[in-house]
Amino acid sequence: MTFNDRTTPLTLLQTRRSGKPRDLVAPGPSPAQLDEMVAIAARTPDHGKLAPWRFVIVPDEARPALALKLVEILRAENPDATPRDEEAAAQFATQAPALVVVLSAPVQPHKVPLWEQELSAGAACMNLLHAAHAMGFAGGWLTGWPAYSDAVRDLFGGAGQRIAGFVFLGTPARPLEERPRGELAQIVHRWNP
Ligand SMILES: Cc1cc2nc3c(=O)[nH]c(=O)nc-3n(C[C@H](O)[C@H](O)[C@H](O)COP(=O)(O)O)c2cc1C
């Protein structure tokens, strides 16, 4: 199985795989391609037409500033952070050619349950990955400590929002390989009343 078979809509869906962000290299999507990807990602099912997500594109020239901010926040939140941890934080911010931060931005209070709005944010991330794949790129969806830091969240959004994922985009440095998948017999059932 190859992970770049985009010949039909079905093979496109069947062959999408994530790329490890640290192994994604140029070419990455252009600013216009990023705009197109997020426009596709915004076509995500969402109960109540609330658009409970935000996409924050981090432009190339802003990636070093993000690295500095992450290191600063790491130091403030974790006094025991080692130089190695700081290096990892900087590397996190600057890996892969492009980065889109997806925020869950639920409308609260609202009759549409929070859970449903959060599910929609996850679906938006998935839709972004599919759009990237369809446009010839690979994506990698990461969280890690920065996704759970309010200070990091505040760089991109505000109170009541959460980082659903850092979606890194680019071209795999080497061919992607399949990973173990859930056994369909275990995860798919036919309901029998
Ligand atoms: C919400 C979420 C957060 C994730 N965070 C991480 C992460 O921080 N580090 C990591 O190595 N993989 C993380 N992953 C896993 C990868 O994004 C990806 O699912 C995995 O590498 C294989 O994906 P594939 O089935 O698309 O090929 C996360 C996945 C999800 C859904």
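The values are calculated or read from the model by the stated rules, or taken from the named source; none is laboratory data. Just so it is clear, the structure is predicted and the values come from calculations on it, not from any experiment. Glycine also receives a Cβ, built like all others from the backbone with ideal geometry; neighbour counts cover every protein chain displayed. The accessibility values were calculated without ligands, DNA or RNA, using every heavy atom of the protein model including side chains. Shrake-Rupley method; radii C 1.70, N 1.55, O 1.52, S 1.80 Å.
Miscellaneous remarks
- Extension gain (nm, one decimal) between H130 and E61, 0.36 nm per residue minus Cα-Cα: 22.3 nm
- H189/A42 FRET efficiency (R0 30 Å; Cβ-Cβ; nearest 0.05): 0.35
- The alpha-carbon atoms of the range 34-193, seen along their principal axes, cover 58, 45, 33 angstrom, with the largest extent given first.
- Residues of the range 123-142 with an amide N closer than 15 Å to a point placed 7 Å from the Cα of V25 along the Cα-to-Cβ direction: 138.
- Rounded Å value of the spacing that divides the Cα centres of the range 77-129 and the range 1-36: 20 Å
- Accessible surface for the range 1-125, divided over its residues, is 58 Å² per residue with a 1.4 Å probe.
- Accessible-area order (highest first, 1.4 angstrom probe) of the listed residues R16, R84: R84, R16
- Lys/Arg +1, Asp/Glu -1 at C-beta; the chain dipole; positive extreme among F92, L103, Q14: Q14
- D5, D60, D154, ranked by accessible area, largest first (probe 1.4 Å): D60, D154, D5
- Most to least accessible of L74, L119 (protein chains only, probe 1.4 Å): L119, L74
- Placing pseudo-labels 7 Å out from each Cα toward the beta carbon at D5 and A123 gives an inter-label distance of 2.8 nm.
- Potential lengthening between A76 and Y148 on full extension [0.36 nm per residue; Cα-Cα distance subtracted]: 24.5 nm
- At 0.890 mPa s and 25 °C, Stokes D of the range 1-120 from Kirkwood alpha-carbon radius, µm² per second: 142 µm²/s
- Here K20 is the anchor, and the aspartates and glutamates within straight C-alpha reach of less than 14 Å, apart from those fewer than 8 places off in the same chain, are E177, E178.
- For the range 31-73, the Cβ-based charge dipole about the Cα centre amounts to some 200 debye (Lys, Arg positive; Asp, Glu negative; other atoms uncharged).
- Based on DSSP H segments of at least four residues, each scored -39500 (n - 2.57), the chain has a per-residue ellipticity at 222 nm of -12000 deg cm²/dmol.
- Element breakdown for the chain at a 1.4 angstrom probe: carbon and sulfur atoms account for 57% of the accessible area.
- Charge tally around P146: other residues with Cβ under 14 Å, Lys/Arg +1 each, Asp/Glu -1 each, net -1.
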